[in-house]
Amino acid sequence: MLPFLIFVIVLVGINTLLWAGVGIIRVFSAWLRQLRGDIPSGDIPTTDDVAVIIAAHNEEVVLGHSLRSLKEHISPKNIFVVSDGSSDSTVEIARAEGVSVLDLQPNRGKAGAIVELLSHFELPQRFEIVLLLDADTQLAPGYFSSGLPMFGDPEVVAVAGRAVTQPWPLSPTRIGRFLVAYRNRVYIAMQYLFKFGQAARYANVVSIVPGFASMYRSRILSSIDIDAPGLKIEDYNMTFEIHAKQLGRIAFHPQAAIALTQDPDHLRDYIHQVERWNLGFWQTVRRHNFRFRKFWLALSLFILELLMSSVLLILLLPLILISLTASLVVALGLDSSGTAQTVVDALPLLALVLGIVIPDYLLTIFAAIVSKNPKYLLEGLAFPVLRVLDAVLCMRALVAALLLAPSTGDWKSPARRTAELMPGAKPLKELEPAPVHSQGE
């Protein structure tokens, strides 16, 4: 029983219990305020106040459809694309859609391209809000109507977009569909059970404002080192800068500012993307010194549990093999010293397996309920395999961040699937917009 409990505690984590509890308190307090009619009503920006910026590198497969979808939400005069050294038709596609385009040659890296675009078109001086959008991202209905009201709180300086993996077009392979489903489960678990609680008014410890579809107040961008040297990605660093310089609050709500992103459906691309995210995280942690503040205390607890769970997952297979071998020795009557029995008692096979499977499958059930997708209940039986892979990639990125040379910022997008909506496909039920009155409370 003890090994089972240890696995459950480490793999579920104090963080999950803590921030899920804070999230429940947020829901309850918002309900009470709504009953009292106590709804904040500060000045709320409109889409006319928003500049949408897209950094693209060889994105001809998805960019046109993404821009056409985006123009259903906002005027093309508010859309700005920077092609970062593209060698395909990215520039021509963007210009054909009637948006403003900056063609950078040679490439500067994604963060450098964003800085160049902001400066070239003087966007912080012209617009109150800047939305950073990836070339493959499509905004869900109600993205602006649910996300912009959070800026009605003058303390809010960034609204983190909620990521949902695009359900269309379907990957042509079974492994591809499995990877996409797992990635969406990760999004649901992290955003509902972590980020929602972390964004509570008196917590404000969100660790990532994702660069795929999030909004910033323009006035803070000059205080953020967007193109910090040596980092693989920019969004972790931009978030850490907000906390380090105490620029304001980060708002997030799982029913607001929802956007769909196209996740890799090839194992090679999945590994490359997860390694890139992990490396960017560890590089950012290394770049920023610890401060005795809420954010860094919460971050330290998260890192501690991340390392413990990663090591435990990596050791899972060796521990199972040791337990199986010891059980076989006992069963054959070859354990004259009693050592094998001691191993079996310390590492009971059933407890090792169930300690992984049960807490992981509970996350799958939660994701199936949130996404209204019962297919997860079958696919989720194999999700622990990818959790082990994620653990290996996490530790490998940590070693790279500590030992290897700093990153140059060069980037390459994963292989894209044609972004057109499949005939008969319908938006996910979880994307239906819901009123959010909390304004980031």
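The values are calculated or read from the model by the stated rules, or taken from the named source; none is laboratory data. Quick caveat: nothing in here was measured; it's all calculated off a predicted structure. When we count neighbours, we look across all protein chains shown, and the Cβ atoms used for this are built from the backbone with ideal geometry, even at glycine. Note: areas computed on protein heavy atoms with side chains; ligands, DNA, RNA excluded. Shrake-Rupley method; radii C 1.70, N 1.55, O 1.52, S 1.80 Å.
Each label point was placed 7 Å from the Cα along the Cα-to-Cβ direction; for His266 and Asp49 their separation is 4.3 nm. Seen against the Cα atoms of the chain and their longest principal axis, helix 235-244 is set at about 90 degrees. For Cα extents along the principal axes in Å, pick the label among (1) 86, 51, 37; (2) 80, 56, 49; (3) 65, 48, 34 that corresponds to the value derived from the coordinates. The calculated read-out lines up with (2).
Remark on Ala51: its backbone amide H falls under 5 Å from those of Ile129, Val130, Leu131, a criterion applied only to residues 5 or more positions apart or on other chains, H modelled at 1.01 Å from N. Take Leu363: with every protein chain present and a 1.4 Å probe, its accessible area is about 40 Å².
Find how much the distance from Val392 to Gln273 grows on full extension, using 0.36 nm per residue of separation minus their present alpha carbon separation; answer in nm with one decimal. Mind dumping the intermediate values first?
Numbers: separation 119, 0.36 × 119 = 42.84 nm, distance 1.37 nm.
In short, 41.5 nm is gained.
Take every Cα pair under 8 Å whose residues are at least 6 apart in sequence, average their separation, divide by the length of segment 74-171, and the relative contact order is 19 percent. Within segment 112-259, all pairs of alpha-carbon atoms sorted by distance into 5 Å bins from zero give the percentages 2, 9, 18, 22, 20, 14, 9, 4, 2, 0.
Computed in the context of the full set of protein chains, the accessible area of the chain at 1.4 Å probe radius has 64% of its extent on carbon or sulfur. Note on the chain: Lys pairs 8 or more places apart or on different chains, Cα atoms under 21 Å apart, count 12.
How large is the helix-only mean residue ellipticity at 222 nm for the chain, computed as the sum of -39500 (n - 2.57) over DSSP H runs with n ≥ 4, divided by its residue count, in deg cm²/dmol to the nearest 500? Mean residue ellipticity at 222 nm (helix-derived): -16000 deg cm²/dmol. Per residue, the accessible area of the chain comes to 45 Å² when a 1.4 Å probe rolls over the protein heavy atoms.
I need the calculated FRET efficiency for the pair Met190 and Arg95, taking r as the beta carbon distance and R₀ as 41 Å, to the nearest 0.05.
Numbers: r = 37 Å, r/R0 = 0.90.
Efficiency at R0 = 41 Å is approximately 0.65.
With R₀ set to 56 Å, the beta-carbon distance separating Leu334 from Leu378 gives a calculated FRET efficiency near 0.90. This model, with +1 at the C-beta of Lys and Arg and -1 at the C-beta of Asp and Glu, gives the chain a dipole about its Cα centre of some 700 debye.
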